[in-house]
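The values are calculated or read from the model by the stated rules, or taken from the named source; none is laboratory data. Source: prediction; values computed, not measured. No Cβ is skipped: glycine too gets one built from the backbone with ideal geometry, and neighbour counts run over all protein chains shown.
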Amino acid sequence: MYQIIDGRKISQEIKDELKQQVAELKAQGKSICLAVIQVGSDPASSVYVGNKKKACAYIGIESLSYELPEETTQQELLDLVRKLNADDKVNGILVQLPLPGQIDEEKVIQTIAPEKDVDGFHEKNVGALCVGSRGYVSCTPLGIIELLRRSGIEIAGKHCVVLGRSNIVGKPMSLLLLRENGTVTICHSRTQNLKELTRQADILVVAVGKPGFVDDSYIKEGAVVIDVGIHRDENNRLCGDVDFEKAAPHTSAITPVPGGVGPMTIAMLTNNCVSSVQ
Ligand code: GUN
């Protein structure tokens, strides 16, 4: 029988721990403030931003909302980011991605002050992760490490195969698994003999952005499978990059979609906000 890794339960535990820490910080006269910027009104982004603000409120983090119109120029957004960089009341800045086409995402990310980059996207924070020094780490991969840790799944010495090489998930995921002493293989769209590699994984992290891409034929019997994808299927139901029904019986543990990795991303964002004042 396989274990379903309950991201909702684990994220709730983390949020309750953080709530306690924030209460203690407040007792010392310290408050935490996150600025959340959304450009345009993409429905999925609105849901994510709403959930992030809700989690902040639960924990006791103040959030400032900036909802900018779709036609916002790059200059306007950069001006706002610079203003928030200079504002001592603001501890963290989050610019929800994706941004509209007229705005250079990379330029915006690199303009956020690294010490307020609670998403961990700035190259200074990515570099810190790479060389093992202190910095913010991208929330989704950090959440996955926490899911594994709190589920009692050992990483050290395990063959960890990461499917996907994005800046937000695949690359930082690989670095974090390496930091935890995993043996890491990164696979991507140009990888040859993909199944040969994924079938060697003790821990398989799937972040390919394709609904149901991974079925049982990609999985070694008893592997741990982490599904980062989130999509709507033809019946408008949420589904992941992994075909859960086919894959799950061959795993020892697997994350569901929804209720697996997703809630952890938000828990880790609030974790990064709390560490911004410690
Ligand atoms: N869009 C999708 N995931 C994320 C995330 O973790 N942070 C931000 N800022 N935007 C996203």
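Tabulated data for the structure shown
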item	result
Complete set of residues in segment 204-252 that are part of a loop (DSSP other than H, G, I, E, B) and of a type in the set (A, V, I, L, M)	ALA207, VAL208, ILE219, VAL228, ILE230
Every residue from segment 142-178 that is assigned to a loop (DSSP other than H, G, I, E, B) and not hydroxyl-bearing (Ser, Thr, Tyr)	GLY152, ILE153, GLU154, ILE155, ALA156, GLY157, LYS158, GLY164, ARG165, ASN167, ILE168, VAL169
Filtered residue count, segment 245-278, keeping only those that are away from the ligand (no atom under 13 Å from the Cβ) and among the β-branched types (Val, Ile, Thr)	6
Hits in segment 1-56 - residues which are part of a helix (DSSP H, G or I) and aromatic (Phe, Trp, Tyr)	TYR48
Answer from SER45, SER63 - the residue that is closer than 26 Å to VAL274 by Cβ, away from the ligand (no atom under 13 Å from the Cβ), of a type in the set (Ser, Thr, Tyr) and surrounded by 15 or more Cβ atoms within 10 Å (Cβ to Cβ)	SER63
Every residue from segment 115-128 that is within 15 Å of the ligand (Cβ to nearest atom) and part of a helix (DSSP H, G or I)	LYS116, ASN125, VAL126
In segment 19-70, the residues that are among the polar types (S, T, N, Q) and touching a helix residue (DSSP H, G or I) at 6+ places or on another chain (Cβ under 9 Å)	GLN21, SER31, GLN38, ASN51, SER63, SER65
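Matching residues to (1) hydrophobic (A, V, I, L, M, F, W, C); (2) in a helix (DSSP H, G or I); (3) at pLDDT below 95; (4) under 23 Å from the mean Cα position of the chain (by Cα):
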site	(1), (2), (3), (4)
GLU70	no, no, no, no
GLU76	no, yes, no, no
LEU80	yes, yes, no, no
LYS83	no, yes, no, no
LYS89	no, no, no, no
LEU97	yes, no, no, yes
PRO100	no, no, no, yes
ILE103	yes, no, no, yes
VAL108	yes, yes, no, yes
